[in-house]
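The values are calculated or read from the model by the stated rules, or taken from the named source; none is laboratory data. Fair warning: this is a prediction, and the values are worked out from it, not measured in the lab. Here the Cβ is made from the backbone with ideal geometry for all residues, glycine too, and neighbour counts use every protein chain on show.
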Amino acid sequence: MDPGILNRYLLLLGYCILPQICAQLCRTPCFCSWIPPRCPPGVPVIVDGCGCCRICARQLGESCDHLYLCDESKELLCDYPTGSNGRGTCNYNYDGSCEYDGKEYKDGEVFQPNCKFQCKCIDGGITCTPLCSENVLIATPECPFPRRVEIPGRCCPEWICDEDQQSPVSNSLGKEREAKGRSQVKPFACAEWSTQWSTCSVSCGVGLSLRVSNRNPLCRLKAQTRLCMVRPCRYSPATEGVTCTPTVHSALRLRYKTDDCISIREFRPTFCGTCPMKHCAPYQTENDLVAFHCRGGLTWKQMMSIISCVCY
């Protein structure tokens, strides 16, 4: 036997607690191919787990064991699942920890990056919960102009009521815009904020959807409405055993109708289908400005336009 191979083998045996087990894992003497391994670009050549032969390091997702080792230069380790019988898969040396703002947190650790949020490290991802109240103060006769402001010395912003509708500066700006026949502009930098649109008030036909938003010239929180139609009431649901389609494109042109209004144009809208044992609802929507002919004359109203639906 070659003296060099014998020395490596004796050294391996010296590190083993049970020599008889090591003899079962590593064959003796070493039998290596006289052809050097040809590895793909970027894959290093290493010595196998028995210290005998040179092999290509196993890469991410490839099988591995005590003999065929993973590429440690890429921080890969052999992951042995339960009942693997000594065979595993090369995977990243991942312990589920998280990094946030230069600090490392263990899997399951709860931390508070600032006074407004409490976060938890979960399997390498961070989930945060707001500690400040997310309640919305709706305008009322007693508080017609609520506004959320930062209070010095306090972490969370609070709602206050402005006594004056507008400052003298904003009033002068409004008069100037009205004199020129132009719309009034916001008198200060406004961070736009809106809630999600509510579910349509009816499951078929034209209904209403609501939200609260400050997207208006005065940047005040106000309730907004839009018309919505998830599906027409004459729509035939899918029968049992038929594969349902969440999103349905209307084959006919129709007009939107409310109690006293009808749309001037005809539309071919997108509806949500009806699936057995499932509820289908809008998933992606947008707003269209639709002209209606009403008893009082021409009126423009916001109408929900469905892009896609989902059944669950």
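Pairs only if they're at least six apart or on different chains, beta carbon under 9 angstrom, first in the range 290-312 and free of Cβ contacts under 8 Å to residues at least 60 places away in the same chain, second outside any strand (DSSP E or B) and loosely packed, with under 11 Cβ neighbours inside 10 Å; list them, first residue then second.
291/265
Listed residues 143, 90; which is surrounded by 13 or more Cβ atoms within 10 Å (Cβ to Cβ) and not in a loop (DSSP other than H, G, I, E, B)? If you could, list the steps in order and put the result at the bottom.
Details: 143 fails: not in a loop (DSSP other than H, G, I, E, B).
One residue alone meets the criteria, 90.
What's the total number of residues in the range 186-228 that are of a type in the set (A, V, I, L, M) and touching a Pro at 6+ places or on another chain (Cβ under 7 Å)?
We begin by selecting, within the range 186-228, every residue of a type in the set (A, V, I, L, M); these are 189, 191, 202, 206, 208, 210, 212, 218, 221, 223, 227.
Of the ones still in play, those that are also touching a Pro at 6+ places or on another chain (Cβ under 7 Å) are 221.
Total meeting the criteria: 1.
Regarding the range 97-104, can at least one residue be identified that is part of a strand (DSSP E or B), within 30 Å of residue 151 (Cα to Cα) and of a type in the set (Phe, Trp, Tyr)? Before the answer, list the steps.
Residues of the range 97-104 part of a strand (DSSP E or B): 98-100, 103-104.
Those still in the list that are within 30 Å of residue 151 (Cα to Cα) too: 100, 103.
With the extra rule that they be of a type in the set (Phe, Trp, Tyr), the set shrinks to 100.
Within the range 97-104 (the criterion being part of a strand (DSSP E or B), within 30 Å of residue 151 (Cα to Cα) and of a type in the set (Phe, Trp, Tyr)), the answer is yes, since at least one residue qualifies.
Can you list the strands (runs of 3 or more DSSP E) lying wholly within the range 258-309 that have 3 or more residues being more than 27 Å from the chain's Cα centre (by Cα) and farther than 18 Å from residue 233 by Cα?
Numbers: elements: 261-263, 270-272, 280-294.
The qualifying strands (runs of 3 or more DSSP E) are 280-294.
Considering each residue of the range 1-31, count those that are closer than 20 Å to residue 70 by Cβ and at pLDDT 50 or above, and give that number.
2
Kindly indicate the residue of the range 105-115 that is more than 21 Å from the chain's Cα centre (by Cα) and not in a strand (DSSP E or B) and also farthest from residue 79 (Cα to Cα) among those meeting that condition.
Checking each candidate, the answer is 115.
List the number of the failed condition for residue 132; all other conditions in (1) part of a strand (DSSP E or B); (2) within 23 Å of the chain's Cα centre (by Cα) hold.
(1)
Which residue is surrounded by the fewest Cβ atoms within 10 Å (Cβ to Cβ), if the candidates are limited to the range 111-125 and must be farther than 18 Å from residue 155 by Cβ and at pLDDT 80 or above? Give the derivation first.
Here is the first cut: in the range 111-125, the residues farther than 18 Å from residue 155 by Cβ are 120-125.
With at pLDDT 80 or above added as a condition, the list becomes 120-121.
Details: 120: 16, 121: 21.
Among those residues, the one meeting the criterion is 120.
What are the pairs with Cβ atoms under 7 angstrom where one residue, in the range 61-77, is buried (at least 16 other Cβ atoms within 10 Å of the Cβ) and the other, located anywhere, is basic (Lys, Arg)? Sequence gap at least six, or different chains.
Short answer, once both residue conditions are applied: 64/58; 65/87; 68/58; 69/58; 70/58; 71/58.
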